[in-house]
Amino acid sequence: MEVVSTTSDSHIYDHHFDARKYLDIFYGVDPITQEIDKESIFLLTFLNNVFSSGHVKGQSIIEIGAGPTIHYILSACEIFQKIYLTDYSQGNLDEIKKWLNRENDAFDWSPYLRFVCDLENNRSTPNGKEEKIRRKVSLMKCDVTLTNPLQPNSLPLTDCVLLTSCLICACKTFTDLKIALKNTVSLLKPGGHLIMYDYLGASYYLLGEKKFPLLSLDENIVLEAVVESGCKVVECQMFKDFHIPEEVFNCKNVFCLLAQKL
């Protein structure tokens, strides 16, 4: 097994990460039942509740660290007119682009689309959501270690930032984490909302024969970093029914957090 080094000058996600393999391993569903996993049910239910509440709204939302996925914005696409999906890895953005362009080898997100439509009492259809996402989404590179994570690009301050399982991959220390979170929150309007989703107690995950190191967090560190970034925590929920084998991903718990920039 190859343990991917974080000490190299080259970013590990540029040279070692297989976006499609990641999707197949962590987001693939049983071809017969088409059921999504319990963790995704927890996450998508939390996001649906946040966006259907009417408290989190506006013109634009930026997802930082989207990876190769589109499922985090399945409820948000009903609220925001402009959606920016960003990631450090061009390979991840290319994987999203395949889906946006309806390419034959794009990942199939239809089980996730159907689940969210059911959550929303079928006010939208899966096809309708797909069209909204394709119409509203723009792709962009990001790097949370930079003062402006979107450098060399820039955007007007946004109404909502969605930070999805990104910081434990990008940061090596708790100090790094706090700096990265402040950089991310700088993209928000005052009064705008931050939604975080990440893993606690995880120090690695496997992708085939490659082992990727992670920054192991606990709940107190996360809450402290959010407050120091200039936000007030509104809600935090934990998911503990985590079933991925520890030899693949040694996560203890998952959290979803909603905060508001002061």
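The values are calculated or read from the model by the stated rules, or taken from the named source; none is laboratory data. Keep in mind the model is a prediction, meaning the values are calculated, not measured. With ideal geometry, Cβ positions are generated from the backbone for all residues, glycine too; neighbour counts draw on all protein chains shown. Accessible surface areas use protein heavy atoms only, side chains included; no ligands, DNA or RNA. Shrake-Rupley method; radii C 1.70, N 1.55, O 1.52, S 1.80 Å.
Rounded to the nearest 20 debye, what is the charge dipole size of the chain about its Cα centre when +1 sits on each Lys and Arg Cβ and -1 on each Asp and Glu Cβ?
With only Lys, Arg, Asp and Glu charged at Cβ, the dipole is about 1000 debye.
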Number of Lys pairs in the range 22-127 closer than 26 Å at Cα, excluding neighbours under 8 places apart unless interchain, is 4
Options [x] 124; [y] 153; [z] 178 for volume of the Cα convex hull per residue in Å³; the value derived from the coordinates is listed as [x]
Here the gain from full extension of residue 135 to residue 241, 0.36 nm per residue of separation minus their alpha-carbon distance, amounts to 34.6 nm
Any residue on another chain or 5+ positions along whose placed amide H is under 5 Å from the amide H of residue 188 is listed here as 158
Residue separation between residue 53 and residue 151 times 0.36 nm, minus their alpha-carbon distance, gives in nm 32.0 nm
For the range 144-260, the percent of accessible surface on carbon and sulfur atoms (probe 1.4 angstrom, ligands and nucleic acids excluded) is 53 percent
The simple spin-label model distance between residue 97 and residue 224, using points 7 Å out along Cα→Cβ, in nm, is 4.1 nm
At R0 = 41 Å the Cβ-Cβ FRET efficiency linking residue 175 and residue 35, nearest 0.05, sits at 0.50
Counting only protein heavy atoms and leaving out ligands, DNA and RNA, the solvent-accessible surface of residue 55 at a 1.4 Å probe, in Å² to the nearest 10, equals 140 Å²
For residue 138, the residues 5 or more places away or on another chain with a placed amide H closer than 5 Å to its own amide H are 83, 84, 85
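Just the number please: accessible area per residue for the range 1-144, 1.4 Å probe, all protein chains included, in Å².
Spelled out: the 1.4 Å probe surface of the range 1-144, per residue, equals 47 Å².
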What helix-only [θ] at 222 nm does the chain give? Using -39500 (n - 2.57) per DSSP H run of at least 4, over all residues, to the nearest 500, the answer is -9500 deg cm²/dmol
